[in-house]
Amino acid sequence: MSQEDRQRWNDKHQQASASREASSFLRSLADQLPSTGRALDLAGGAGHDACWLAQRGLDVTLVDLSDVALAQAEGLARDAGVSLTRLRLDLETDAPPPGPFDLVVCLNYLWRPLLAAVPPLLAPGGLFVFAQPTRRNLQRHPHPSARFLLEEGELPTLLQGLQSLSLTEDWTDAGRHEARVVAQKLQQVP
Ligand SMILES: C[S@@+](CC[C@H](N)C(=O)[O-])C[C@H]1O[C@@H](n2cnc3c(N)ncnc32)[C@H](O)[C@@H]1O
């Protein structure tokens, strides 16, 4: 990822509204998600989801490329009275922080090789939560552009070493066409 891309993300975060709720998809999973242990939010942006997870009791690490997003996440965590570990990493080139994590979240960020790196980060039985718009989203929205979209039916092919607990591909209440998965690390056969 170039310096120009980092700047572009910094500008986007600068312009975005600071007051945003955690992802409705994530919140809909409240009963399934752990409330103790370690969580990792990949490309977690300004920290809305990470703070929500931390408020539930998880020890959360947020990774993002953007310094602006990381600074916003720090402010959000302070306001929420929680602490986050924040790491500036380029997930296209840098290794994610070492696990094991009880939960790994990646919402609205697509770098296909990263999905293969998720199972080794998870503790046995750990959960992976992922959501990304598909190409069909272009029928209603010009953004994200095609290079950031999943092909329809592609997501299951990217989930090696994980067992899908729920996998959907549909229009969401917010009018986006998204592929969403909750998957669990496969238990190792002794
Ligand atoms: C569409 S936003 C999603 C943020 C958050 N996950 C959410 O759902 O609100 C994409 C995020 O990916 C981050 N990002 C883009 N390229 C990245 C990279 N190569 N490494 C790490 N983070 C990256 C951006 O800074 C931005 O915060």
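Contact list please: Cβ distance under 6 Å, first residue in the range 86-105 and touching a residue at least 40 places away in the same chain (Cβ under 8 Å), second residue outside any loop (DSSP other than H, G, I, E, B) and near the ligand (Cβ under 8 Å from one of its atoms), pairs at least six apart or on different chains.
Here the result reads Val105/Asp41, each pair linking the range 86-105 to a residue that is outside any loop (DSSP other than H, G, I, E, B) and near the ligand (Cβ under 8 Å from one of its atoms).
In the range 177-185, is there at least one residue being loosely packed, with under 14 Cβ neighbours inside 10 Å and over 16 Å from the mean Cα position of the chain (by Cα)?
No.
Could you count how many residues in the range 19-32 are free of Cβ contacts under 8 Å to residues at least 60 places away in the same chain, within 12 Å of the ligand (Cβ to nearest atom) and open to solvent by 30 Å² or more (accessible area, probe 1.4 Å)?
Within the range 19-32, the subset free of Cβ contacts under 8 Å to residues at least 60 places away in the same chain is 19-22, 27-28, 30-31.
Checking the rest, the ones that are also within 12 Å of the ligand (Cβ to nearest atom) come to 20-22.
If we keep only those that are open to solvent by 30 Å² or more (accessible area, probe 1.4 Å) as well, we get 20-21.
Of the residues in that region, 2 qualify.
Would you confirm, using the coordinates I've provided, whether Ala146 is surrounded by fewer than 15 Cβ atoms within 10 Å (Cβ to Cβ), among the aliphatic types (A, V, I, L, M) and free of Cβ contacts under 8 Å to residues at least 12 places away in the same chain?
yes
Go through (1) open to solvent by less than 10 Å² (accessible area, probe 1.4 Å); (2) in contact with a helix residue (DSSP H, G or I) (Cβ under 7 Å, 6 or more places away or on another chain); (3) within 12 Å of the ligand (Cβ to nearest atom) one by one and return the number of the condition Val63 breaks.
(2)
Considering only residues of the range 33-59 that are open to solvent by 40 Å² or more (accessible area, probe 1.4 Å), more than 14 Å from Phe101 (Cβ to Cβ) and touching a Ser or Thr at 6+ places or on another chain (Cβ under 9 Å), which is nearest to the ligand (Cβ to nearest atom)?
Trp52
The values are calculated or read from the model by the stated rules, or taken from the named source; none is laboratory data. Here the structure is a predicted model, which is why all the values come from computation and not from measurement. Using ideal geometry, Cβ is built from the backbone for each residue, glycine included, and neighbour counts are taken over all protein chains shown. Accessible surface is based on the protein model in full, side chains and every heavy atom, while ligands, DNA and RNA are left aside. Shrake-Rupley method; radii C 1.70, N 1.55, O 1.52, S 1.80 Å.
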